[in-house]
Each structure stands twice: as C-alpha cells, then as structure tokens.
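A short write-up of the structure that comes next.
The values are calculated or read from the model by the stated rules, or taken from the named source; none is laboratory data. Quantities reported herein were computed from a predicted structural model and do not represent experimental measurements. As a convention, Cβ positions derive from the backbone with ideal geometry for all residues, glycine included, and neighbour counts pool all protein chains shown.
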Amino acid sequence: MKQDIKSFNQKELEEFFVSLGEKPFRARQVYQWMHVKQAASFAEMTNISKALQEKLSQTCELTVLRQQLVQRSRDGTAKYLFALADGNMIESVRMKYKHGNSVCISSQAGCRMGCRFCASALGGLARNLTPAEMLDQIYRIQADIGERVSHVVVMGTGEPLDNYDNLLKFLELLTDEQGLHISQRNITVSTCGIVPNMRRLAEEKLQITLAVSLHASSQQKRLELMPVANKYEIEELLEACREYFAKTGRRITFEYSLVGGVNDKTEDAVQLAALIKNMNCHVNLIPVNPIEERDYVQSGKRAVAEFKEKLEKYGITVTVRREMGRDIDGACGQLRRRQIL
C-alpha cells in the first residue's frame, strides 16, 4: 500500500525517507515542495533526482485533488467541487474579504449528523477525509487564484470533530512554520456539539476559534433540528463550551441559523440570551440557506433584525453573517449533491 506522504509531518517524513535508504534532508526538500511550493506531481520536484522521483512514485501517494467544477459569484465568492482519488466529491468555498482570502473546507465526504436544514447530511457519510485531502483544498484554490489564503474555516461538508485525529494532524500541518504557516488565530473549526471531542480539543490548548452550531434556544427545539441533541443535551454542550474557554482563553462563537417560524421568534431570542448570558461568547446569526429537499424557509429581514436587537439588549455580542454565494449553491453540500444525484 502506498504511503500518503502529504499527511506526514516533517519528522514522520524524515523517518520514512531514512527507511527508504535516503538522507533526511531529501525529506525536507520534498516537504517544502508539497507544502510551500505545493507541487502537483513528483516530476515538478526539480532538485531531487529522477531515480528518487521514480522511487517516490512507486511507493508514495501524492494527494492532489482534481477540480471538477468552479462556480463564481457576483460577490467574488467561488465554490469549488473537487474529485477525490476514489471518485468521492467534496466542495470548498473561497471568500474574498478586505483582510484577505478565506477558504471554507470540508472535513468529510458527506456527513452523518443529520441536521434538518443542511444539504451536507442528505446522502449520509461516505468517509472521512485525510489530512492531505483537507490541506489540498486550500492548495488547489491558491493555485487557481494565484494568491495566498490567510484564513481557514473548517465548516464545509462534514462534522470536523467526527474526524478528530485527522483534523488535529491537518491543523498541525496547516500551522507548521515549514509549511503554509497560517496562524492558529486565523483558523475556525465548527462542531454541531460532539461533547467528548470538544473536551479533548480544549486539552490541546490551541488558539483556534471554536464555532458551535447551536441553532436553538432550548433542548426541545434543538431536538427538532439536530439529531446530535439526542446524545448530548444542551446544558452538557454549554458546559463543554465553558470548559473550552477556561482552558484556552478563546471566546466561543455560537452559530445560530434562523429558520422562519421555527427558531426566530422573540421568545427564542430571550431564551437564548438567558442560556448564554454569563459566557464569553459571540453569536453569529445565519439566515438559513433554503434547500429543495426541506421545507424550511429563511427568516424575513425584519425578524432577523429584531432577533439581533433583542440579543443585544441583553448584552450579547452578535453579528448577522453576510450572505455570500447564494447564486452559486452557496450552502454546504448543495453543489456536491447536485453532482452526485
């Protein structure tokens, strides 16, 4: 079986090269080709011999995603559909901001969490992505736009904490000084609330932002929208959030998708404020992106504004996410689903 060397850290790669009878400095050269120059083939690695290129081709896999489709929005957002080596499809989004390029990547092919308003979960989970497959979404987008990516959001298809070990390795490689070297503070990881792995992540004491998909102001309402609530009650989830802040000093972001007539009423805002009033947190309100397979509708502008005002009245820091990419299947999983059906 070929080795997935783009998922190796530099130490692991050096050990592997020694096992091949090669000098460790050759591993450092290849590491730079993969993670700094982002070569798409061994043949591009011009400072290593043809013999070593051939040896690597025979013993190693160099993960390079194939761009199947890209849709570009009027607002500068671009949505990419990538094919994996086994034929699975994943999607990524590039968003252009004043502060630079932000990329939202997928962590799984499909998802098994089953959130009612999300297109990602409609086909279930195909498999986890490797660290290399997560990284290469960023590398291919950089190659396409000819610009550096400065911010990464792990909030595309899949539940990142359901792919915990590969996620941690991806974060190690992404922030490595010898690689792309993106600051931990420029990385956001989302979760629908897998409490044990939230606690494990807190122990890592990383400086990333943890974004928790809350989407409800009570356990009962969360059960209607998110099957994960059957396993982890809302109070247990909030306690894990408090622990995360206590151990990392990093403010939690609560993602709250506003669904018209479901969780966007005044009493929902009052309940939500009561739930999180003593926490160091930020609420990101997201007008839900409708999908054909569900009958959920987006909250009206007035309902969104009133919800925001009510939270602010209770002293909660809140923003409304700017809608981007609506004209290009911007919601998680939409583009992938249209391609595989």
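Suppose we keep only residues that are part of a strand (DSSP E or B) and at positive phi within the range 75-112. Which one would you say is modelled with the lowest pLDDT?
Initially, the range 75-112 is screened for residues part of a strand (DSSP E or B), giving 78-83, 89-97, 100-105, 108-110.
With the extra rule that they be at positive phi, the set shrinks to 100, 110.
On the way: Gly100: 91, Gly110: 94.
Per the criteria, the residue is Gly100.
Applying the criterion of being small (Gly, Ala, Ser) and outside any loop (DSSP other than H, G, I, E, B) to the residues of the range 1-54, the residue that is farthest from Leu174 (Cα to Cα) is Ala51.
Return the only residue of Arg66, Arg26, Arg72 being modelled with pLDDT under 95 and of a type outside the set (A, V, I, L, M, F, W, C). Let's see the steps before the verdict.
Details: Arg66 fails: modelled with pLDDT under 95; Arg26 fails: modelled with pLDDT under 95.
The unique qualifying residue is Arg72.
Does at least one position in the range 270-284 carry a residue that is modelled with pLDDT under 95, over 30 Å from Gly123 (Cα atoms) and not aliphatic (A, V, I, L, M)? Yes. When Ser57 is tested against (1) assigned to a helix (DSSP H, G or I); (2) in contact (Cβ under 8 Å) with a residue 40 or more places away in the chain; (3) in contact with a helix residue (DSSP H, G or I) (Cβ under 8 Å, 6 or more places away or on another chain), exactly one condition is not met: (2).
Yes or no, residue by residue, for (1) in a helix (DSSP H, G or I); (2) in contact with a Leu (Cβ under 6 Å, 6 or more places away or on another chain):
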{"site": "Glu203", "(1), (2)": "yes, no"}
{"site": "Ala229", "(1), (2)": "yes, yes"}
{"site": "Leu238", "(1), (2)": "yes, no"}
{"site": "Phe245", "(1), (2)": "yes, no"}
{"site": "Arg250", "(1), (2)": "no, no"}
{"site": "Gly261", "(1), (2)": "no, no"}
{"site": "Asn278", "(1), (2)": "no, no"}
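Taking the criterion of being in contact (Cβ under 8 Å) with a residue 60 or more places away in the chain and of a type outside the set (Asp, Glu), the residues of the range 175-209 that qualify are Gln178, Gly179, Leu180, Thr188, Ser190, Cys192. Each residue in the range 148-180 was checked for being of a type outside the set (S, T, N, Q) and assigned to a loop (DSSP other than H, G, I, E, B), and 9 of them qualify.
Only residues that are out of contact with any strand residue (DSSP E or B) (no Cβ under 9 Å at 6 or more places or on another chain) and either surrounded by 15 or more Cβ atoms within 10 Å (Cβ to Cβ) or not assigned by TED's automatic domain parsing to the domain that holds Ile316 (or both) were counted across the range 256-267, and they come to 2. Look at (1) at pLDDT 95 or above; (2) within 23 Å of Cys118 (Cα to Cα); (3) touching a Ser or Thr at 6+ places or on another chain (Cβ under 7 Å) and you find that Gly156 fails only one, number (1).
Those residues that are within 21 Å of Asn9 (Cα to Cα) and assigned to a helix (DSSP H, G or I), I need them from the range 113-141; list them, please. Steps first, answer last, please.
Let us first name the residues in the range 113-141 that are within 21 Å of Asn9 (Cα to Cα), namely 128-140.
Within the range 113-141, Pro131, Ala132, Glu133, Met134, Leu135, Asp136, Gln137, Ile138, Tyr139, Arg140 qualify.
Any residue at all in the range 9-18 that's surrounded by 16 or more Cβ atoms within 10 Å (Cβ to Cβ), under 30 Å from Val93 (Cα atoms) and touching a Cys at 6+ places or on another chain (Cβ under 8 Å)? The answer is no; no qualifying residue exists.
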